[in-house]
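Peer 1: Sharing a structure here in structure tokens format.
The values are calculated or read from the model by the stated rules, or taken from the named source; none is laboratory data. Owing to the predicted nature of the structure, the values given are computational and were not obtained by experimental measurement. Virtual Cβ from ideal backbone geometry, glycine too; neighbours counted across all protein chains shown. Heads up: the accessible areas ignore ligands, DNA and RNA and are worked out on the full protein's heavy atoms, side chains in. Shrake-Rupley method; radii C 1.70, N 1.55, O 1.52, S 1.80 Å.
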Amino acid sequence: MNHLSLALLIGVGLVSAARTSAQGLGAWSSTDGFYRLEMMPSVQTTFWAGDSPHPALVDAPDDVFLAPRLQLETSAALGSHLFLHANARWDRGFDTGNEPDGEVRVDELFARWRFFEDERLSLQVGKFPTVFGAWVAQHDFFDDPFLLPPLAYSQVIGIQSRDATAMTPQAMADRADGSAPAFANLSKQNWSSIIWGPSYASGLALSGSTSRWDYAFEVKNAALSSHSDAWSPQGEVFSRPTVSARAGFRPNAAWAFGLSGSHGNYLNEAVHDLDQTTLGLDSRWAHHHWMISGEVIATRFETASAGHLDALAWHLQARYKLAPGLWLAARGGQLLCNSSNGPAGTPVRWSPDVWRVELALGWHLSPNILLKLDYSLTRTNGTFPAGEHLLGLGFGWRL
Amino acid sequence: MAAFLGGAALAGESTGTVTGSVPLPDRVSTRIAVEKYSGSISGKVGTPQPGVAGVWLERPGLAAPASPPRFSLTQKDYQFGRSLLVVPRGTRVAFPNEDDDYHNVYSLSKGGRFDLGRYMRGAAPPPDMLFDRPGLIRLRCEIHEHMRAVILVVESPYYTVTDASGAFRLAKIPPGQYSLHAQADEKDHRIVTVTVSAGRTTTASFPASPARASIR
């Protein structure tokens, strides 16, 4: 399906769902309720202003940038066991700004079979967010208090997933001493993040929940760090798969803990078999109007000649609801990287250390309309230039 | 258009009864109760309560009772215990959580904005809210998007909720002329005029469309 057809499909869906909303919720159901279909259109538009090159995965060419997004989520249920979900989007790039003229994508498309009447065990096949970590479960615009993902999910690091020659000791040394362009000054599409956003790679997952435990296991076609171009099920999709798993424990409703792991090939070249191994620990506490959560994620990238490249990212965030529909959130975090083996055996900084603090304000004018204001200050150490200040004003509407 | 069909006289009684049926909206009012991403539902999701309408009587000078009864609207099996609740103005409604997971009841409706925050099963006393302005309040759970319910706050001591077929019965109504209201949501508010006679049962029917109508 070409972009024009998909854009038309999204447009027709938006109009028909909006018209249907006059009668209901953009939802259809058979008389006995066995077949159900829902269309949930939404608009999520963010105005960005800040220093270039922008931090995180914002890849906008200018200091100010408008990033509109039209989204059409479609869900269907056949009985109580089979669930289908698709999420089509038009925007100016999955990573804000890398497609300034706009593009249409299907970011999520999966089928889920629930084995029991409760959530004990489900099998899911398709293109869907990774089970790794805790942030992904709340990455939706209307669930995440912030406009930027945490550092581990959004900060570009000195890993090249498409070109092994960029990962030699000499290439890293050149970038570190400034004799070659630092990666932050190049297109972010050429580089990796510890986890690339929600990592909508393709594959299958087994997952489940009980009153105290969550568990999930997935096999996918791309490493957590892989750029979005590698997520679609094309070519040798499972020749070098990535396996990820998560176990969560909730001693009570207030506390939740999670442990995640992932291992798989991150270099998209047939001649190399280099793996990314990642471990994550997350925790959350919530009570009344408070929600506090944090994650620590450590990852290791194998290289052909530069040794192991290790990175560790953590963040701690808190959200407090000031009034009905109004909340304030703050987040702080760091990304720390080790040194690689340089050309003469001397240590070389393959990627800078970064810290970021963010403040966000959210205001639900109604359950369907959300305004978000997000300011972030990002500091990058060493000779790697990067923008520091970024202000985002987001508007969201959903049916 | 007729709403008054009359009924048999019951000797010796000083109040009357109003019965009838409300055409309920033919629409899907709940979302598919499957979470896209894991983490917020750990048990079995119950069947949502059927759509119903609130019915109440109004007339000039008629007010909600000075000491309205306490109401409770539970959350169990990741659903509200009722899809719609009618309460007189000034009522305090408790929202006990009977699930192992958190719930967070809130409303951003005009005249009824509140947010109870996250609370767990057994919170004592259960969080509650005073509803002191007539109107329609839409309830949601911040954590479980599919959970929906409505509270109708009315300026009347005479109110009830239909069954799933739309049938209702209001008993012990003092004789007189009233406006009989039926409402399922913001877009479906029907009003007819009825006359209640002592010892008689008045059968009211509402027009097929939600437009205002009056009879007798």
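Peer 1: Being surrounded by fewer than 19 Cβ atoms within 10 Å (Cβ to Cβ) and in a strand (DSSP E or B) is the filter here, so list the residues in region A:109-125 that pass it.
Peer 2: Correct list: A:111, A:113, A:123, A:125.
Peer 1: Only residues that are away from every other protein chain (no Cβ under 12 Å) and in contact (Cβ under 8 Å) with a residue 60 or more places away in the chain: list them for region B:82-116, please.
Peer 2: B:82, B:83, B:84, B:85, B:86, B:87, B:88, B:89, B:91, listed by residue number.
Peer 1: Further question on the same structure: Of everything in region A:209-229 that's surrounded by fewer than 21 Cβ atoms within 10 Å (Cβ to Cβ) and of a type outside the set (S, T, N, Q), which residue is farthest from residue A:256 (Cα to Cα)? Write out each step before concluding.
Peer 2: Let us first name the residues in region A:209-229 that are surrounded by fewer than 21 Cβ atoms within 10 Å (Cβ to Cβ), namely A:210-213, A:215, A:217, A:219, A:229.
Within this subset, residues satisfying the condition of being of a type outside the set (S, T, N, Q) are A:212-213, A:215, A:217, A:219, A:229.
Values: A:212: 9, A:213: 9, A:215: 13, A:217: 18, A:219: 24, A:229: 33 Å.
Applying the filter and picking the extreme gives A:229.
Peer 1: Need the failing condition index for residue A:153 against (1) touching a helix residue (DSSP H, G or I) at 6+ places or on another chain (Cβ under 7 Å); (2) surrounded by fewer than 20 Cβ atoms within 10 Å (Cβ to Cβ), just the number.
Peer 2: Tallying (1) touching a helix residue (DSSP H, G or I) at 6+ places or on another chain (Cβ under 7 Å); (2) surrounded by fewer than 20 Cβ atoms within 10 Å (Cβ to Cβ), residue A:153 fails exactly one: (2).
Peer 1: Let me ask something else about it. Which of (1) of a type outside the set (Lys, Arg); (2) open to solvent by less than 30 Å² (accessible area, probe 1.4 Å); (3) farther than 29 Å from residue B:142 by Cβ; (4) not in a strand (DSSP E or B) is the odd one out, the single condition residue A:195 does not satisfy?
Peer 2: (3)
Peer 1: Within the set of pairs 6 or more residues apart or between chains, which connect a residue that is assigned to a loop (DSSP other than H, G, I, E, B) inside region B:61-72 to a residue that is among the aliphatic types (A, V, I, L, M) with Cβ atoms less than 8 Å apart?
Peer 2: B:64/B:154; B:68/B:87; B:70/B:93; B:70/B:94
Peer 1: Same structure again: Could you list all residues from region A:66-91 that are outside any strand (DSSP E or B), under 14 Å from residue A:114 (Cα atoms) and within 21 Å of the chain's Cα centre (by Cα)?
Peer 2: none
Peer 1: Among the numbered conditions (1) over 30 Å from residue A:203 (Cβ atoms); (2) surrounded by 18 or more Cβ atoms within 10 Å (Cβ to Cβ); (3) within 14 Å of chain B (Cβ to nearest Cβ), tell me where residue A:326 comes up short.
Peer 2: All conditions pass for residue A:326, except number (2).
Peer 1: Going by the structure shown, is residue A:224 part of a strand (DSSP E or B) and in contact (Cβ under 8 Å) with a residue 12 or more places away in the chain?
Peer 2: Values: part of a strand (DSSP E or B): no; in contact (Cβ under 8 Å) with a residue 12 or more places away in the chain: yes.
Against the criterion (part of a strand (DSSP E or B) and in contact (Cβ under 8 Å) with a residue 12 or more places away in the chain), residue A:224 does not qualify.
Peer 1: So which residues in region B:122-164 are in contact (Cβ under 8 Å) with a residue 60 or more places away in the chain, farther than 21 Å from residue A:286 by Cα and of a type in the set (D, E, K, R)?
Peer 2: Residues satisfying the conditions are B:148, B:155, B:163.
Peer 1: What is the residue count in region B:144-162 for residues that are open to solvent by less than 40 Å² (accessible area, probe 1.4 Å) and outside any strand (DSSP E or B)?
Peer 2: Residues meeting the conditions: 5.
Peer 1: How about region A:283-297: which of its residues are more than 11 Å from chain B (Cβ to nearest Cβ) and either open to solvent by 20 Å² or more (accessible area, probe 1.4 Å) or not hydrophobic (A, V, I, L, M, F, W, C) (or both)? Before you say what the answer is, go through the steps one by one.
Peer 2: Filtering region A:283-297 for residues more than 11 Å from chain B (Cβ to nearest Cβ) gives A:283, A:292-297.
Listed by number, the residues that qualify are A:283, A:292, A:293, A:294, A:295, A:296.
Peer 1: Find the residue count for region A:133-150, including only residues that are away from chain B (no Cβ under 14 Å) and open to solvent by less than 20 Å² (accessible area, probe 1.4 Å). Steps first, answer last, please.
Peer 2: At the first step, the residues of region A:133-150 found to be away from chain B (no Cβ under 14 Å) are A:146-150.
Those still in the list that are open to solvent by less than 20 Å² (accessible area, probe 1.4 Å) too: A:146, A:148, A:150.
Number satisfying all stated conditions: 3.
Peer 1: Follow-up. Filter region A:37-55 down to the residues that are within 24 Å of residue A:390 (Cα to Cα) and open to solvent by 20 Å² or more (accessible area, probe 1.4 Å), then identify the one that is nearest to the other protein chains (Cβ to nearest Cβ). Give the derivation first.
Peer 2: So in region A:37-55, the residues within 24 Å of residue A:390 (Cα to Cα) come out as A:43-55.
So of that shortlist, the ones also open to solvent by 20 Å² or more (accessible area, probe 1.4 Å) come out as A:43, A:45, A:47, A:49, A:51-53.
On the way: A:43: 18, A:45: 21, A:47: 24, A:49: 29, A:51: 33, A:52: 33, A:53: 31 Å.
Applying the filter and picking the extreme gives A:43.
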